[in-house]
Every structure is written in structure tokens, then in C-alpha cells.
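Since the structure comes first, as C-alpha cells, the remarks are kept for the end.
The values are calculated or read from the model by the stated rules, or taken from the named source; none is laboratory data. All values derive from a computational prediction rather than experimental measurement. Cβ atoms come from the backbone with ideal geometry, glycine included; neighbour counts cover every protein chain shown. The area values use the complete protein model at the heavy-atom level, side chains included, leaving out ligands, DNA and RNA. Shrake-Rupley method; radii C 1.70, N 1.55, O 1.52, S 1.80 Å.
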Amino acid sequence: MSDIRFDGKVAIVTGAGGGLGRQHALELARRGAKVVVNDLGGSVDGSGGSSEAALKVVEEIKAFGGEAIAHGASVTDDAGVADLVKTTMETWGQIDILIANAGILRDRTLTKMELADFEAVMQVHVWGTFKPIKAVWDIMKAQNYGRIVVTTSSSGMYGNFGQSNYGAAKMAVLGLMNTLKLEGAKNNIKINAISPVAATRMTEGLMPPEVLAKLAPEAVTPGVVYLVSEDAPTGAILTAGAGAFALSRIYETEGVYLSDGDLSAEGIRDHWDQITGEDGQKAYFNGGEQGQKFFRKMAGG
């Protein structure tokens with residue numbers, strides 16, 4: 001099969017000054033895309049800012065003959081995001097790909113977490129994903145083409161001690177994806193999620209050095225590149241790390257229908273094994289399928 005190429009395509013990558021975002025930007029550029037390297041240049045907790053990191057990535061891209069520009073907007077700032085899109089359109093006239101990668105961490109147990117810690121993480125991961133998507137959405141609709149990748153995490157899907165803010169945010173972007181995969185379908189806009197495990201600034205304090213050594217960001221990027229390609233799926237949650245790739249799905253069990261006599265808390269208790277049994281469980285692509293199953297149950301079908 002032919003190589004995946006992005007000649008003639010324009011990509012915005014947020015949080016692209018280092019780590020995963022940098023690798024995504026470099027690889028897209030190597031494959032022919034014109035890349036906007038967006039990074040505020042702040043610290044892991046979101047404080048501060050500098051354009052140095054984004055400019056350095058642009059220099060790397062230009063050094064191997066690629067095309068790139070840097071933009072230092074915060075993904076949480078309305079005016080900044082608007083200018084990011086405006087600058088991209090003025091430079092290249094189209095936006096085909098958006099990779100929402102920007103993120104921060106403020107890990108604390110719930111007892112120690114301040115409201116500001118929760119809000120800051122939600123701002124960057126949820127609003128900082130939604131605002132760029134909203135800003136490019138109508139452009140992609142008019143083009144009848146768009147590829148979007150959001151960044152989720154096992155911390156959201158399965159939980160992780162001390163990351164209630166981060167976990168909540170990372171599940172929120174999956175809810176956003178699950179709706180936009182439906183809204184974008186008729187305009188050839190495909191949206192997917194990457195759930196990465198990689199050695200970056202955000203993970204260097206979470207795992208021992210010998211583990212981090214095996215988790216190069218380069219081992220995640222191939223999955224992202226496929227998810228923004230012409231033949232990408234839509235609505236997929238791709239887990240990636242150390243060269244291993246798998247698909248995560250949300251399943252619903254076959255369950256039971258409780259008649260009036262059993263429709264009680266005790267009925268739930270007494271039928272718990274049937275409710276939770278894995279036989280017949282199914283991964284649902286959209287809420288319509290789930291609704292149809294519900295009404296079939298109601299009708300006894």
C-alpha cells in the first residue's frame with residue numbers, strides 16, 4: 001500500500017513545543033503537511049509562557065525542508081484562538097487537520113486539591129480542546145473535509161490516584177468526540193481520540209526512569225498520523241505507548257428488563273448478576289443504537 005502523505009494539507013497542532021505535540025508536528029511535516037506549531041510555552045502546571053519552544057520546532061521542520069509557522073496563543077484564550085485560526089487562513093487558506101494536544105497537570109488528592117487546581121486543568125483540557133475545534137469547525141464544513149484528534153487518557157477512562165481533575169477533563173473530551181463524530185459525518189469531518197502513554201514533561205514524575213526510557217513520544221505519533229489521514233476511522237479511542245496500540249471501547253451489557261413486581265432496589269440487587277453479565281454485551285457507536293435497544297427491551301423483544 002502507498003505511504004500516508006499530507007501534501008497540500010494544513011495542520012494545527014496545539015501543545016506542539018515539546019513532547020508528543022512536537023513529534024506529531026514533525027512527522028506531519030515530514031509527510032508533506034504545512035504545520036502550525038502552537039504552544040504557549042508554559043510550565044507543566046500551566047504557569048508562565050514563552051515562544052521559544054514553538055519557534056525551535058519550526059526551525060527543526062524548516063531544516064529538513066518542511067513548511068511551518070509558530071503561534072503562541074493559549075488554547076483557553078478566545079482572542080488567541082481566533083488569531084491562531086486567522087493567521088493560519090491568511091498564511092495557507094485552509095485548515096484540514098487539528099490535533100488538540102495541549103495540556104497541563106496539577107495532581108493532588110481531592111483533600112488537598114484547591115478549586116483553582118480543578119478549574120485550571122478543566123480550562124486547558126476541556127475548553128482548550130473545544131475552543132480550537134469550534135474555531136475550525138465551520139471552515140472544515142465548508143471544505144467538506146476535516147480531521148481532528150483529541151487527547152484523552154487512561155486516567156479518565158479507568159481512573160488514577162490524585163488525578164480527579166485530569167481524569168474528569170479527559171473523559172469530557174470523549175463526550176465531545178462522541179457527539180461531533182455524528183455532527184461531522186455528512187461533511188467528511190472525522191474525529192478520533194488518542195490515549196497516549198509517553199515520557200514527557202507531564203509524566204516524568206509519575207513513572208520510574210527505566211519505564212520512561214521505553215516510552216518515547218515517537219512510539220505514539222504513528223497512531224495519531226493514521227487518525228488524521230484520508231482513510232481515518234471516526235469515533236475511535238486509540239491507546240498507544242511503547243509501540244503497542246489497542247482500541248478502547250465503552251460497552252453496555254445485555255441487561256434485564258424488570259417488570260412492575262421487580263422494579264425496586266431489591267429487584268436490582270436480586271438481578272445484579274444478570275445486569276452485569278458479559279454475555280451479549282455490545283460496544284455502541286452512537287446513542288441511537290442504544291435507544292433502539294432500550295425500546296426493544298421495553299417491548300419485550
Residue tally, condition open to solvent by 60 Å² or more (accessible area, probe 1.4 Å) and either touching a residue at least 12 places away in the same chain (Cβ under 8 Å) or basic (Lys, Arg) (or both), over the stretch 253-275: 4
Residues of the stretch 238-252 satisfying the condition of being without any contact (Cβ under 8 Å) to a residue 60 or more places away in the chain and open to solvent by less than 100 Å² (accessible area, probe 1.4 Å): Leu238, Ala240, Gly241, Ala242, Gly243, Ala244, Phe245, Ala246, Leu247, Glu252
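Give the residue, chosen from Lys190, Lys141, that is open to solvent by 20 Å² or more (accessible area, probe 1.4 Å), over 10 Å from the mean Cα position of the chain (by Cα), more than 26 Å from Gly241 (Cα to Cα) and assigned by TED's automatic domain parsing to the domain that holds Leu20.
On the way: Lys190 fails: more than 26 Å from Gly241 (Cα to Cα).
Answer to the selection: Lys141.
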For Pro217: the one exception among (1) loosely packed, with under 13 Cβ neighbours inside 10 Å; (2) farther than 27 Å from Gly184 by Cα; (3) in the same structural domain as Gly18 (by TED's automatic domain parsing): (1)
Entirely in the stretch 206-301, the helices (runs of 4 or more DSSP H) that have 1 or more residues that are over 22 Å from the mean Cα position of the chain (by Cα), of a type in the set (Gly, Ala, Ser) and at pLDDT 80 or above: 265-270
